[in-house]
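Any read-out appearing in this document is the output of simple, stated calculations on the displayed coordinates, not a laboratory observation. On a predicted model such as this, the values are computed, not experimentally measured, just so you know. Counting neighbours? That spans all protein chains shown, and the Cβs are built from the backbone with ideal geometry, glycine included.
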Amino acid sequence: METLHTLFLEALNAALRNASVTWTEPLEPEQWHALFSLADAHRVLPMVYQAVFRSEAGKRADPAVFAPYKRRVMHDVIVQTQRTQAFFALYDDLCAAGLTPIVVKGIVCRELYPNPDQRMSADEDLLLRRDQLRLCHRKLIEAGLMTELDEEATEREYETSFFSERQPLHIEVHSSLFPPESDAYGNMAALFDSVFDRAEVRPVAGHALRTLSHTDHLLFLLCHAFKHFLHSGFGLRQVSDIALYANAYGEAVDWARVQQACREIRAERFAAALFAIAENYLTFDPDRAHYPASWRALAVDPEPLLNDLLGSGVYGSSSMSRRHSSRITLSAVSAARQGRVEHAGTLKALFPSAEALQGRYPYLEKRRWLLPVAWAQRIAHYRRETARTHNNSAADAVKIGRERTALLKEYDII
């Protein structure tokens, strides 16, 4: 493992324990910059900064090296605090209107961290029954949020984004936790068909929030990570969320159900590798979490997954080439789900089906014969994007896609 990655994991581990790293000698300036840049890519900069700033190495480091990161951390934490308070106020208004939103991820996970507002969260996710979506849409608009979709579209889509220009608030409204129409992972939606019946009201930072049961929530965190893994990857923040959630609530989790669900979607070995990473590097305690011995006994090598996560950044966004590689991995998974062998992943990445593109090009929904036009528009857009951005080439995207497809086979996903 690279020295930078070792330092990063040690710092993140210390942050999860509300401790400082044990380093005594300061790093070279370029090492500090590389460490903070990696932490920022994984959206854990405030936590990592705090863990090293208080250490002997941090105290002996050049203050000029730390100064810009200190300003960035202070700004991020203040904005996160404002975002949290704005969300609580909005949530209370929605409940007062008779809505019963279920809060997932985000603020529920942040509460598990030693310093919650150091755990960044760009948005908050709300799951609502379909018959409440129109009212929720109206209430969010009345609260000053904006969206590109109307009420009818919000009711139809599985996810709608709302954002505010006046305050740092971004809300994702879901009618389903996963898009049922997805060939690659639509089967995950059925795992959560009855979550409304099992929802619980739980205190979070002094507020009563309706959220998923502990079994549903841990399963959702695993499935959400798995979905992003099938795309272009995910980072260490999600692993930290899962580790802390399992440590805190594992005793109340129906592990047999979680393991069986992961087996059904071919994520059992993936999850076993993820828990191994969490145990080896990020404070996960199998005994405290009541993690089943049957799952722990699976013979998996977690290091290939760890290397992929370290190079991923949050939600696989470390480079545009990596993001574009998702077309190849998703195509491979879709083929496997349908019992086909994918021989032309690269070709399909360039020329997807009408179903895969109609979200971006709505005219394909009724005029499939315009698919070649959509292909041409997509390629032109890609060329423009490549010209103005770094780390973005078709050759790299194909290379990353093929490497990550091999990783899917490593963990028996395809």
Phi to ³J(HN,Hα) by Karplus 6.51 cos²θ - 1.76 cosθ + 1.60 over the stretch 11-22, Hz, x for Gly, Pro: 5, 5, 4, 4, 4, 5, 9, 6, 10, 10, 5, 9
For the stretch 249-295, just say rounded, prolate or oblate: build the C-alpha gyration tensor, square-root its eigenvalues into a ≥ b ≥ c, call rounded for a/c under 1.5, and beyond that prolate if a/b exceeds b/c, oblate if not. oblate
Residue by residue through the stretch 397-403, the couplings from Karplus 6.51 cos²θ - 1.76 cosθ + 1.60 with θ = phi - 60°, in Hz, x for Gly and Pro, are 4, 5, 4, 5, x, 5, 5
Sparse-neighbour loop sites [trypsin sites (Lys or Arg not before Pro); the stretch 1-101; at most 15 other C-beta within 10 Å; DSSP]: ARG17, ARG54, ARG60
Restricting attention to the stretch 149-184, which GluC sites (Glu not before Pro) occupy a DSSP loop and are surrounded by at most 15 other Cβ atoms within 10 Å? GLU165, GLU181
Straight-line reach only, C-alpha to C-alpha below 18 angstrom: list the aspartates and glutamates that LYS409 could link to, leaving out same-chain residues fewer than 8 apart. ASP183, GLU264, GLU268, ASP301, GLU303, ASP308, GLU342
Tally the DSSP beta bridges in the chain and give the antiparallel ones as a percent, rounded to 5. 75
On a full-extension model of 0.36 nm per residue, what is the gain between ALA97 and ARG60, subtracting their alpha-carbon distance, rounded to one decimal in nm? 7.9 nm
For ARG202, the residues 5 or more places away or on another chain with a placed amide H closer than 5 Å to its own amide H are LEU209, ARG210, THR211
Under a Cβ-Cβ cut-off of 13 Å, what is the net charge of the residues other than GLY233 that fall near it, where Lys and Arg count +1 and Asp and Glu count -1? +3
Can you compute the helix-only [θ] at 222 nm over the chain? Use -39500 (n - 2.57) per DSSP H run of at least 4 residues, normalise by all residues, nearest 500 deg cm²/dmol. -17000 deg cm²/dmol
Add +1 for every Lys or Arg and -1 for every Asp or Glu among the other residues with Cβ under 11 Å from the Cβ of LEU209, and state the total. -2
Difference of contour (0.36 nm per residue) and Cα-Cα distance, ARG257 to ARG71: 62.5 nm
Under 10 Å, Cα contacts only: if you run a Gaussian network model on the chain, which one of HIS224, HIS207, HIS170 comes out with the highest mean-square fluctuation? HIS207
Checked the stretch 139-214 against the a/c 1.5 cut and the a/b vs b/c comparison, axes a ≥ b ≥ c from its Cα gyration tensor; verdict oblate
If R0 is 30 Å, what FRET efficiency do you get for ARG402 and ARG296 from their C-beta distance, rounded to 0.05? 0.45
Heads up, the stretch 89-188 by the C-alpha gyration tensor (a ≥ b ≥ c square roots of eigenvalues; a/c under 1.5 rounded, else a/b over b/c prolate, else oblate) looks oblate
